[in-house]
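Here the structure comes first, spelled out in structure tokens, and everything after it is commentary.
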Amino acid sequence: MIRNFKESDIHDIETVYEKSNNALALKVSPVFFKKDKKNFTSSTIRNCKTSVYEHEGKVVGIISSSEDCIEGLFVLPDFWNRGIGTELLNYATAGKDEVFLQVYADNERALDFYRKNGFEITGNGVCQMTDLPYFEMRKVMK
């Protein structure tokens, strides 16, 4: 079930964020995401439209978006390949004309996911927080 996030979800959201990122084995210290989860919840979760995917009363996926940008999409690794990410993405992008996002260049899993969902690479850059290269991606809905 997808629903709007509640303050009581914060601990679960932080867990999803940290475990999902660490499972990707990106070239950043595992401690980074442990520390950054507080920043993620205080800046992104509370300042964007955030929805959660709840399974048996537990938050297993999250998506945060601003007007035309996906700010974060994370699913617990134990729930990967079940369509949860696609459901969250479709939910957050319904009614939009186009959507943008950034994804780490080394995150082949996410790149494949977004390509399958109609996104194309439109640019690149380097994340100021992690020093990791990223791709900018865009999907036109119409």
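Computed over the chain, relative contact order equals 20 percent, with contacts defined as Cα pairs under 8 Å that lie 6+ residues apart. Computed from backbone phi with θ = phi - 60° and the Karplus coefficients 6.51, -1.76 and 1.60, the 3J(HN,Hα) list for the range 61-68 is x, 9, 9, 10, 9, 9, 3, 9 Hz; x is used for glycine and proline. For an R0 of 22 angstrom, estimate the FRET efficiency from the Cβ-Cβ distance between residue 69 and residue 132 and round to the nearest 0.05. In this case the efficiency is close to 0.75.
Partners of residue 49 within straight-line reach, counting aspartates and glutamates whose Cα lies under 15 Å from its Cα and excluding those fewer than 8 residues away in the same chain: 7, 9, 67, 68, 71. A simple rule links phi to the HN-Hα coupling: the Karplus curve 6.51 cos²θ - 1.76 cosθ + 1.60 with θ = phi - 60°, which for the range 72-88 gives x, 9, 9, 9, 4, x, 5, 10, 5, 6, 10, x, 5, x, 5, 4, 4 Hz, with x for Gly and Pro. For the chain, modelled as a GNM whose springs connect Cα atoms under 10 angstrom apart, the maximal fluctuation among 51, 65, 43 occurs at 43. Remark on residue 96: its backbone amide H falls under 5 Å from none of the residues 5 or more positions apart or on other chains, H modelled at 1.01 Å from N.
Taken together, the values in this text are just the output of simple stated rules run on the coordinates, not laboratory data. Treat the numbers as computed from the prediction; the structure is a model and nothing was measured. All Cβ positions, even for glycine, are placed from backbone atoms using ideal geometry, and neighbour counts span all protein chains on display.
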